[in-house]
Amino acid sequence: MNSLSKYFALFLVSLVFTSLPAIAQSYSEIGFTANFRKSSIDEGNWQQTLSYTGSFSYYFWQTSAIELSYTQGLSELSVRPPDLPNDRMLTQSYFSLIGLDLVASFADRRAPFQPYVKLGSAFINKKIYRQLTGFNSTLIAESSGLVPSAGLGFRVLMTETLSLRVGFDSWTNPLNERPLILDYAARAGVSWMF
């Protein structure tokens, strides 16, 4: 863990403990988002992605929270050359992300529209495999490590405790890897406050 990550973790812990007098105003939120997409040209040439994210947020002030999240997904690309109709190349990309973010909301929890921003870090793991028809799959590339992350989004209150949540998150590859690459995801789902 580099010194910047240590200072950020220390900041988050101290922020939680300095907010203990405001515990009476605290509340929690559980969220779930999912994303599925499939695009096909024909039976042998297609692409699909499935990912889901679960999160738990603890609001220690009315508009500030610590959020723990977990994302897992799989993306597949199938290519069948026109001159080789019985052969196919399948590329699979697995990814997982465990994140810890400080979330700042710009509205009270009872407001109908609640924009927010978040900043934190995450541990990411990505693997890409390739498989040709009749052969075993082969690991092509792998990346894992601690990464900085950021995001923004909004909640739209549907009931007093249930809301629609839409967000845009971004993170880099591990900082010890070059070149620096930016990944991002747009998500939509629901959250429940209690």
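Each reported figure results from applying straightforward, stated rules to the coordinates on display, with no laboratory input. If you're wondering where the values come from, they're calculated on a predicted model, not measured in any experiment. Here the Cβ positions follow ideal geometry from the backbone for every residue, glycine too, while neighbour counts run over all protein chains shown.
Data overview
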| item | result |
| --- | --- |
| Relative contact order of the stretch 86-148, pairs being alpha-carbon contacts under 8 Å that are 6 or more residues apart, as % | 36 |
| For the chain, calculated [θ]222 nm from helices alone, where every DSSP H run of n ≥ 4 adds -39500 (n - 2.57) | -2500 deg cm²/dmol |
| Environment charge at R165 (Cβ cut-off 10 Å; Lys +1, Arg +1, Asp -1, Glu -1) | +1 |
| Computed FRET value (nearest 0.05) for L146 with Y94, which takes r as the C-beta separation and R₀ as 25 Å | 0.85 |
| Charge tally in the Cβ shell below 13 Å around L119, where Lys, Arg are +1 and Asp, Glu are -1, L119 excluded | -2 |
| The stretch 62-194: relative contact order as a whole-number percent, Cα under 8 Å and 6+ apart | 18 |
| Local electrostatic count, S69, Cβ distance below 14 Å [Lys/Arg +1, Asp/Glu -1] | -1 |
| C-alpha long axis of helix 3-18 to longest principal axis of the chain, angle in ° | 40 |
